[in-house]
Amino acid sequence: MNDLGLLILRLVVGLTLTAHGAQKLFGWFGGPGIEGWTGILSQMGVRPAGVWAWLHALMEFVGGLMLGIGLLTPLAAAGLASVMVMAIVKVHWKNGFFNKNGGIEFALAMLGGMIAIGLSGPGAYALDPQSLFGWSSTALFLVALLLGLLVDGLALASTAFGTGQRHTA
């Protein structure tokens, strides 16, 4: 039953983030599209906005698909977790907890799903083998998450230097 639970979690969280990424990339489901998303990031002071917009939107869209089917699951979970951390820090934290007010609720729930999948592994109903590149799924997730958090730090630094403001994580 654990494997079935992981499959359901991967599908729900992965496909939810795929739809979220489709809003940013293509303007589907009432989203801004890549030009609108680039403008939003630019207004937040993220530099270079175009690069970060593409990275973020592609990570949500492609990473969500990969997570859903269980392909390179530890890498997808780590990448998506780092996107959610950035969303929490840069956008939602100042708005409190509840999503109604633009708070951290949605991003935190997605982050929790990524961490659960990353630490548990993809489960039996995934395309991934039990180990990737000679690493356990959990070890690969933790290393990739660390790298993703370093990238988050670079994005936050680009914001601080781009606007003359200092941000701390």
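Values quoted throughout were computed directly from the atomic coordinates according to the rules given, and no laboratory measurement underlies them. Just so you know, these numbers come straight off a predicted model, no measurement behind them. No Cβ is skipped: glycine too gets one built from the backbone with ideal geometry, and neighbour counts run over all protein chains shown.
When you restrict to C-alpha pairs under 8 Å that are six or more residues apart and normalise by the size of the chain, the relative contact order lands at 25 percent. Between helix 49-69 and the chain, what is the angle of the helix's C-alpha long axis to the longest principal axis, kept within 0 to 90° and rounded to the nearest 10? The angle comes out near 20 degrees.
Set the Cα radius of gyration of the stretch 72-116 against 2.2 N^0.38 Å, with N its number of residues, and you get 1.15. Summing +1 for each Lys or Arg and -1 for each Asp or Glu, what net charge is found among the other residues whose Cβ lies under 9 Å from the Cβ of T159? Within the 9 Å Cβ shell, the charges total +2. Here the Karplus relation 6.51 cos²θ - 1.76 cosθ + 1.60, evaluated at θ = phi - 60°, turns the backbone of the stretch 108-114 into coupling constants of 5, 5, 5, 4, x, x, 5 Hz, with x for every Gly and Pro. If only the Cβ of Lys and Arg carry +1 and only the Cβ of Asp and Glu carry -1, the dipole of the chain around its Cα centre is close to 420 debye. Relative to the longest principal axis of the Cα atoms of the chain, helix 137-163 runs at roughly 0 degrees. From the Kirkwood radius over Cα pairs of the chain, Stokes-Einstein at 10 °C and 1.306 mPa s returns a whole-number translational diffusion coefficient of 98 µm²/s. Per-peptide packing, taken as the mean over residues of other Cβ atoms within 10 Å, places 80-91, 97-108 in the sequence 80-91, 97-108 from highest down. Per-peptide packing, taken as the mean over residues of other Cβ atoms within 10 Å, places 28-37, 9-18, 58-67 in the sequence 58-67, 9-18, 28-37 from highest down. Taking a sphere under 15 Å around the Cβ of L71 and counting the other residues whose Cβ falls inside, with K and R at +1 and D and E at -1, yields a net charge of 0.
Once the Cα atoms are used to define both axes, helix 2-26 deviates from the longest principal axis of the chain by about 30 degrees. Summing Lys and Arg as +1 and Asp and Glu as -1 over all other residues whose Cβ lies under 12 Å from the Cβ of F26 gives a net charge of -1.
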